[in-house]
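J.: If you scroll down you'll find the structure; I have some questions about it.
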Amino acid sequence: GQQLQQYLQNGTLPPGMQAQLDNAKKAAKAQIISGHAAKGLPTDPNMNSALAQELAAVDTNALELQGKIATNLLNAGINETNMSANLFQALIQMDATQAKQMGAAIANFSTALAGGPKAIVLGGGATA
């Protein structure tokens, strides 16, 4: 859980996800540059302000998507951590319950070995 939470804190993604995002960003930029070239426009962002703006938009969108993915990983990490904490608490409770039951069983067994509870007979009926 903590590993997933660290991606948002560090501003990174798992390597495979980062590679996919980088490849998508490169492909989008290549498509934009190709479109400008097909129209006979300059493919150098320094010479074509519209191209520069479109390429900057790709970077902005990729950064926004990276943030969303990292937030999703953070939420998954938090859920996983909470689930682990809840499971740990449930195990502690089960252990305490079992220890209490074991103590009662040992006490009952000791009583039985000692001859059982002393019974007092009143009016012909036995009571403990």
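Derivation of every value follows stated rules applied to the coordinates shown; laboratory data play no part. Just so it is clear, the model here is predicted, and its values are computed rather than measured. In this analysis, Cβ positions are derived from the backbone assuming ideal geometry, glycine residues included, and neighbour counts consider all displayed protein chains.
J.: Give me the number: length gained by fully extending M17 to M47, i.e. 0.36 nm times residue separation minus the C-alpha to C-alpha distance, one decimal in nm.
T.: So the chain would gain 7.5 nm between M17 and M47.
J.: Now for a different question. Between T111 and D95, what length in nm is gained on full extension when 0.36 nm per residue of separation is reduced by their alpha carbon distance?
T.: Gain on extension, T111 to D95, equals 3.3 nm.
J.: Sticking with this structure for a sec: What's the extension gain from A37 to M102 if we count 0.36 nm per residue and subtract their Cα-Cα distance?
T.: Roughly 15.3 nm would be gained on extension.
J.: Quick one: net charge around A19, please, counting Lys, Arg +1 and Asp, Glu -1 for every other residue with C-beta under 13 Å from its C-beta.
T.: +1
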